[in-house]
Amino acid sequence: MTDRRRLLLVNGPNLNLLGTREPDIYGTVTLADIEKLATATAAEFGLDLRAVQSNHEGALIDEIHRARLDCCGVVINAGALTHTSVAIADALSAVDLPVAEVHLSNIHRRESFRHHSYISAVAEMVVVGAGAEGYAVAVRHLAQGRQS
Ligand code: DQA
């Protein structure tokens, strides 16, 4: 257990376009809505949340490294990098914080290239297909784990 009181929320490529991006798949919820929901859920447990989004793999890795200094867990939707990035999975392993992976859509019901996640192997839990609510589930999971 750690006495740190902050979660890191990481959103990867193209998730800044939520709201208008393929609404038939991702709905009309915006990234701002998601960050608000995750922040409010963390606050229920007395936790702060730092929300970051980038379309650049290296920037995401830098943010994950930074979490080592002041966070007690990482909620991550790495977007398409989920399916390609050993480097992000390695960064998550390196910082050795509990990780909750989120996908708005059910990646297992979509194209086969979305079925494999490099993140899942280093995540405590994975939420897929629950839309924005999945982020609240992930935050709650990490917050409750922190208390136990
Ligand atoms: C996603 C699923 C990924 O396959 C896709 O590349 C995304 C979003 C999701 O939240 O459902 O960008 O991570």
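What follows draws every value from the coordinates through simple rules; no lab data is involved. Keep in mind that what you see is a predicted model, and the values were worked out from it rather than measured. No Cβ is skipped: glycine too gets one built from the backbone with ideal geometry, and neighbour counts run over all protein chains shown.
In region 1-76, the inverse of the mean reciprocal separation of distinct Cα atoms equals 13.1 Å; this is its Kirkwood hydrodynamic radius. Of the trypsin sites (Lys or Arg not before Pro) found in region 1-109, those that fall in a DSSP loop while having at most 16 other beta-carbon atoms within 10 Å are R4, R5, R21. As a proxy for reagent exposure, ranking V126, V10 by other Cβ atoms within 10 Å from fewest up yields V126, V10. Since only V75, L18, N55 are under comparison, the one whose Cα sits farthest along the positive direction of the charge dipole of the chain, derived from C-beta charges on Lys, Arg, Asp and Glu, is V75.
In square nanometres, what is the average projected area of the Cα convex hull of the chain?
On the way: hull surface 30.5 nm².
Computing the convex hull of the Cα atoms and averaging its projections yields 7.6 nm².
Overall shape: oblate for region 87-135, with the ratio a/c of the largest to smallest alpha carbon gyration tensor axis at 1.5 or above and b/c at least equal to a/b.
A cut-off under 13 angstrom between Cβ atoms defines the neighbours of V122, and their net charge, with Lys, Arg +1 and Asp, Glu -1, is -4. With K and R counted +1 and D and E -1, the other residues having a Cβ less than 13 Å from that of S85 yield a net charge of -3.
Quick one: check the C-alpha center-to-center distance for region 46-71 versus region 116-148, whole angstrom. Comparing the Cα centres of region 46-71 and region 116-148, I get a distance of 16 Å. Here's the picture: a label point sits 7 Å out from the Cα of N106 along the beta-carbon direction, and within region 120-135 the residues with their amide nitrogen under 11 Å of it are 128-130.
Which of the three applies to region 48-103, rounded, prolate or oblate, going by the alpha-carbon gyration tensor with a ≥ b ≥ c and a/c under 1.5 meaning rounded?
rounded
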